[in-house]
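**Student:** Pasting a structure here, questions to come.
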Amino acid sequence: MKQTFKVDLEPVGRRIEVEPGLSLLEIAQKAGVDLVAACGGMGSCGTCLVRLVTGKLSSLTLTEEVTLTAEQIAQGYRMACQAGPESDIRLEIPPESLPVAQKMQIDGHETEVELDPNIVVIEANLALPNLEDLRSDLSRANQAIQNKGYAPLHGELNAYIHTSNFLRSSQWNGRIVFQPKPHSSLLITVLPPRTDCLGLAVDMGSTKLALYLINLETGVTIAKTGVMNPQIAYGEDVVSRIAFANRSEENQRLLQTRLVDTLNQVTGELCKSVNAESHQIVDAVIVGNTAMHHFLCGLPVAQLGAAPYVPVISEPLEFHASEVGLQMAPGARVFMPAIIAGFVGADHTSALLATQAYAADRTLVLVDIGTNTEISLIHQGHTYTCSTASGPAFEGAHIRDGMRAAPGAVERVRISNGSLKVITIGNSPAVGICGSGILNAIAEMRKAGILDTRGVLCRTDPRVRIRDGRAEFVLVHATETGHGRDIIITRKDVHEIQLAKGAIRAGIEIALQEAGISADSVEEWVIAGAFGTYLDLPSAVRVGMFPNMPLDRFHQVGNAAGVGAKQMLVSRKKRAEAAQIIDRVNYLELTIYPGFTERFIQAMYLSD
């Protein structure tokens, strides 16, 4: 038997099994993943960088020793054209090595919010010190803000150092930025005249990070972007990452460092795109699920991996950005809203705030779909919330030819009168299938009778073939793909989607049961999250993810968590509202809920 190695390419989510002798660049190309290789793989440009996460690679070549820095080598970076696998490996591909960005949803439905940020800016023209005026630098700044009716300043040492150095180099003119308090004002920074004060809002998803740069004096979003969460290289979902972190303190620090480094890098790029600097960021609001919240803050996560899944802190949290290594203004602070439960984090609090679901005078269900899916049912002033482990299948993980939403991923499938048509992202040759594509394909296969209600393939269909005694559906033939291999859907792939959609439907049914109502009573279904944006609603209803309700009751609102983070960044009132949301929530722990297993099993069936 020939020896083969399994290669996992993250964050694109492509997996391939190869024989020895191929370079990592050749393996990526064979898997349909384009890497930047300006020299065509000759080893002269150093652009095809990848980083080894687990496994063993061939020894460093002389070319790599000359091209790579000592720091890069220490961090596990290799040139893809120079290295090959010597075991099963997992690789992380940095953004700069990918020529085309993955498809990401960072926008959401927004409503106008009254501008009332958590900072105040005072234009100061201070008197120069002299032998008759020996007041300290801080006292001079204090006089300027006290003349405006604010309490004296206090702050961290680095804020004092920056303030003194700046004022003395700018002829005592500048914009004093502070956070007003009843008895003392928190010094953030001093900026040059006519320099904008910026804020940063971040939604930290398990898979994707969405970042928004906002002018705090106008409330306008001036730049935004989405990137893959670098922690994916250490686990597809937060449960895997918690297990990784629990192995050693070094592992947990690594997860925090990788996250913070990425946030700093992307924030710097956002600032550069609008001719600004990171030190202009004077305030930040960051939301995420409970595990991501703890990873960023460096809080222990061991207790999140075992019942009863109790977080270290659930209250709203505010701390200096520098405490976790975020590069912003010297005294900038980070605000993180309250956590609802161990698997319902501040991101769902933020989504409830953005959609105003908690304040609805109608019966409404908010479903925020991700690796974990949070569900809230609002009925007669009560909020019933639960979390379901929908798993990473919606991101293309655990699917034989699955991948994330990148060029060449099948995202739409149509089967009609025996003919099949696929649509790929970017209209590129198909190299895999993303989460929305596999869900859509299964719905179409069920409608065409290729799948029965159990998810079993019909072996008489001409596109179903038997290999090693198992049936598989050929979605795209090798002659039509970008890598020369068939793209298929297996029974296991169908089962993965059944598990994911079954968990969501079971959560919905239990929330309805707890409220004592039927699905017919729900007036509006709000579907949020990145996957929720690209979700084909007819397909989701057809496979039974949602109850069979009129489609005009469903509304897709995009990244509601990101919108809520932006609202809290520009409005103190919204921060207070977010804190009040928690008091209205009745959290349902599904792992101990009577009858959950039975409902889950029933919900796995594909609808007739």
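FYI, it's all coordinate maths here, none of it is from the lab. Since the model is a prediction, treat every value here as computed from it, not as a measurement. Cβ sites come from the backbone with ideal geometry, for glycine too, and all protein chains shown count toward neighbours.
**Student:** Over the chain, what per residue volume does the convex hull of the Cα atoms give, in whole Å³?
**Tutor:** 170 Å³
**Student:** If I fit a long axis through the Cα atoms of helix 249-273 and take the longest principal axis of the Cα atoms of the chain, what angle between them do I get, 0 to 90°, rounded to 10?
**Tutor:** Rounded to the nearest ten degrees, it is 70.
**Student:** Within a 10 angstrom radius of the beta carbon, how do SER273, SER185, SER419 rank from fewest other beta carbons to most?
**Tutor:** By the 10 Å Cβ count, ascending: SER419, SER273, SER185.
**Student:** What's the angle, to the nearest 10 degrees (0 to 90), between helix 435-447's Cα axis and the longest principal axis of the chain?
**Tutor:** Once rounded, one gets 30 degrees.
**Student:** How long, wide and thick is region 323-407, going by the Cα atoms along their three principal axes, in whole angstroms, largest first?
**Tutor:** 47, 43, 26
**Student:** Can you tell me the Rg and Dmax of region 369-441, counting just the alpha carbons, in angstroms?
**Tutor:** Taking only Cα atoms of region 369-441, I get Rg and Dmax of 16.1, 50 Å.
**Student:** Here's another thing I want to ask about it. Of all the Cα-Cα pairs you can form in region 120-191, what percent are over 14 Å apart?
**Tutor:** Roughly 53 percent, once rounded to a whole number.
**Student:** Please report, largest first and rounded to whole Å, the three semi-axes of the ellipsoid equivalent to region 450-608, where each semi-axis is the square root of five times an eigenvalue of the C-alpha gyration tensor.
**Tutor:** In descending order the semi-axes read 37, 22, 14 Å.
**Student:** Now, a different point. Mind checking the full-extension length gain between ARG485 and ASN165? Use 0.36 nm per residue of separation minus the Cα-Cα distance, one decimal, nm.
**Tutor:** Contour length minus the Cα-Cα distance gives 109.0 nm.
**Student:** I would also like to ask the following. Between their Cα atoms, which of LYS208/LYS566; LYS208/LYS447; LYS6/LYS224 are more than 25 Å away from each other?
**Tutor:** LYS208/LYS447; LYS6/LYS224
**Student:** Also, I was wondering about something else. Report the label-to-label distance for ASN427 and ALA127 in nanometres (one decimal), using points 7 Å from each Cα along the Cα→Cβ vector.
**Tutor:** About 7.1 nm, to one decimal.
**Student:** Roughly how compact is region 435-504, stated as its Cα Rg over 2.2 N^0.38 Å to two decimals?
**Tutor:** The reported ratio for this selection is 1.10.
**Student:** What are the residues whose amide H is under 5 Å from the amide H of PHE335, where those residues sit 5 or more places off or on another chain and H is modelled from the backbone?
**Tutor:** Hits under the 5 Å cutoff: ALA284, VAL285, ILE286.
**Student:** In addition: May I have the pair-distance distribution P(r) for region 371-490, computed from all Cα-Cα distances with 5 Å bins from 0 and rounded to whole percent?
**Tutor:** Pairs per bin, as whole percents: 2, 11, 18, 20, 18, 12, 7, 5, 4, 2, 1, 0.
**Student:** Rank the residues THR591, THR460, THR363 as a footprinting-exposure proxy: fewest other Cβ atoms within 10 Å of their Cβ go first. It would help to have the intermediate numbers written out before the result.
**Tutor:** Values: THR591 12, THR460 8, THR363 17.
Least to most surrounded, the residues fall as THR460, THR591, THR363.
**Student:** Could you give the length gained by full extension between VAL66 and HIS477, i.e. 0.36 nm per residue of separation minus their alpha carbon distance, to one decimal place?
**Tutor:** The VAL66-HIS477 span can extend by a further 143.7 nm.
**Student:** Would you work out the relative contact order for the chain, in percent, from Cα pairs under 8 angstrom that are 6 or more residues apart?
**Tutor:** Worked out over the chain, it gives 14 percent.
**Student:** Within the chain, which cysteines find no other Cys whose Cβ is under 4.7 angstrom from their own?
**Tutor:** When partners are defined as cysteine Cβ atoms under 4.7 Å apart, the chain leaves CYS48, CYS81, CYS197, CYS271, CYS297, CYS386, CYS434, CYS458 without one.
**Student:** Calculate, for VAL456 and ARG584, the FRET efficiency according to 1/(1 + (r/R0)^6) with r their C-beta to C-beta distance and R0 60 Å; round to the nearest 0.05.
**Tutor:** Taking R0 as 60 Å, the efficiency between VAL456 and ARG584 is 0.85.
**Student:** Continuing with the same structure: Calculate I(q)/I(0) for region 241-342 by the Debye formula, one identical point scatterer on each C-alpha and no solvent, and give its log10 at q = 0.12, 0.22, 0.25 Å⁻¹ to two decimals.
**Tutor:** -0.43, -1.16, -1.33
**Student:** Provide ASP237, ASP583 in ascending order of the number of other Cβ atoms located within 10 Å of each residue's Cβ, fewest first.
**Tutor:** Lowest count first: ASP583, ASP237.
**Student:** Let me ask something else about it. Per the Kirkwood formula on distinct C-alpha pairs, the Rh of region 5-97 is how many angstrom?
**Tutor:** Result for region 5-97, one decimal place: 12.8 Å.
**Student:** Now, a different point. Once you have the Cα-Cα distance between GLN380 and SER419, take 0.36 nm times their residue separation minus that, and quote the gain in nm to one decimal.
**Tutor:** 9.2 nm
**Student:** Give a quick list of trypsin sites (Lys or Arg not before Pro) in region 1-68 that DSSP marks as loop, anything other than H, G, I, E or B, with at most 14 other Cβ atoms within 10 Å. Could you put the intermediate results ahead of the total?
**Tutor:** Numbers: sites: LYS2, LYS6, ARG14, ARG15, LYS30, ARG51, LYS56; in loops: LYS2, LYS56.
Those satisfying the criteria are LYS2, LYS56.
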